[in-house]
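Heads up: the structure comes next, in structure tokens.
The values are calculated or read from the model by the stated rules, or taken from the named source; none is laboratory data. Only a predicted model underlies this, so the values are computations on that prediction, with no experimental measurement involved. Every residue, glycine as well, gets a Cβ built from its backbone with ideal geometry; the counts of neighbours run over all protein chains shown. Heads up: the accessible areas ignore ligands, DNA and RNA and are worked out on the full protein's heavy atoms, side chains in. Shrake-Rupley method; radii C 1.70, N 1.55, O 1.52, S 1.80 Å.
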Amino acid sequence: RTIYIHFKDKNAIVEEAINNVIKNSRDCIIYEKEISENAIEEALKGVDAFERALSRINPSLMFDLQKYHPKVYLLFAKYKNEFIYEMVKANMRRGIDEGIYRKEIDIEVLSRMRVENVWIPFNPEYYTKFEISISQIQKEIFLHFLYGLVSEKGYPILNNYKNHRINKLSNENK
């Protein structure tokens, strides 16, 4: 009950929590973009940051927010449809400029598709069909997407990052 000294109601608590998640995610994505050597590394680091956030979120969160806290859900929708969308577009432009993404890709179409793909695993009708975590589902969807973006020059770069990550994970699990 003492928490309500600081918050008007439960919705205000949820809104504050979601605003913090969004701010932390935004800050992390911007930081990872700034320190990445290329667009592929930036994209992979972005997925890593998203995976870290996913590990602390109940898969049904988005649907619960939409059902019980629609105004708060709109904060996530705005974040996804504006910030994430613009970051994905910028990453694609960067990859094309670096020659590691195919130059003929339609940035608008693929950016929108990628933004929507991020949220697919949160759908209970989807994630309950698998015996793996949402973050593992997300990785598979993302790698499939990224392999479709890379050029001949980008393909070995992506494979190198992927192999490095696999080796790192296997060493951590020893």
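Let's see how each residue does on (1) at pLDDT 80 or above; (2) of a type in the set (Gly, Ala, Ser); (3) closer than 16 Å to GLU41 by Cα:
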| residue | (1), (2), (3) |
| --- | --- |
| TYR101 | yes, no, yes |
| GLU104 | yes, no, no |
| VAL109 | yes, no, no |
| ASN123 | no, no, no |
| TYR126 | no, no, no |
| HIS144 | yes, no, yes |
| TYR147 | yes, no, yes |
| SER170 | no, yes, no |
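In the set PHE50, PHE63, only one residue is in contact with a Pro (Cβ under 9 Å, 6 or more places away or on another chain) and either over 28 Å from LEU149 (Cα atoms) or in a helix (DSSP H, G or I) (or both); that residue is PHE63.
May I ask you to verify whether LYS23 is modelled with pLDDT of 90 or more and of a type in the set (D, E, K, R)?
Values: modelled with pLDDT of 90 or more: yes; of a type in the set (D, E, K, R): yes.
So LYS23 passes the test.
Every condition in (1) touching a residue at least 12 places away in the same chain (Cβ under 8 Å); (2) crowded, with 17+ Cβ neighbours inside 10 Å is met by ASN24 except one, and the failing one is (2). Among the residues of the range 81-102, the one identified as surrounded by 15 or more Cβ atoms within 10 Å (Cβ to Cβ) and polar (S, T, N, Q) is ASN91.
Let me confirm something: among ALA49, ALA53, ALA39, which residue is open to solvent by less than 50 Å² (accessible area, probe 1.4 Å) and in contact with a strand residue (DSSP E or B) (Cβ under 9 Å, 6 or more places away or on another chain)?
Values: ALA49 fails: in contact with a strand residue (DSSP E or B) (Cβ under 9 Å, 6 or more places away or on another chain); ALA53 fails: in contact with a strand residue (DSSP E or B) (Cβ under 9 Å, 6 or more places away or on another chain).
Just a single option satisfies the conditions, and that option is ALA39.
Listed by position, the helices (runs of 4 or more DSSP H) inside the range 103-159 whose residues that are in contact (Cβ under 8 Å) with a residue 60 or more places away in the chain, aromatic (Phe, Trp, Tyr) and open to solvent by less than 20 Å² (accessible area, probe 1.4 Å) number at least 1 are 134-149.
Residues in the range 55-108 that are more than 29 Å from GLU125 (Cβ to Cβ) and among the aromatic types (Phe, Trp, Tyr): 1 in all.
Would a scan of the range 58-76 turn up a residue that is farther than 23 Å from ASN163 by Cα, hydroxyl-bearing (Ser, Thr, Tyr), open to solvent by less than 40 Å² (accessible area, probe 1.4 Å) and modelled with pLDDT under 90?
So in the range 58-76, the residues farther than 23 Å from ASN163 by Cα come out as 58-76.
Now narrow it down to the ones that are hydroxyl-bearing (Ser, Thr, Tyr): 60, 68, 73.
Keeping just the survivors that are open to solvent by less than 40 Å² (accessible area, probe 1.4 Å) gives 60.
Checking which are modelled with pLDDT under 90 leaves us with 60.
Looking for residues that are farther than 23 Å from ASN163 by Cα, hydroxyl-bearing (Ser, Thr, Tyr), open to solvent by less than 40 Å² (accessible area, probe 1.4 Å) and modelled with pLDDT under 90, one finds at least one in the range 58-76, hence yes.
One residue stands out among those in the range 96-143 that are under 30 Å from PRO59 (Cβ atoms) and small (Gly, Ala, Ser): the one that is nearest to the chain's Cα centre (by Cα), which is SER135.
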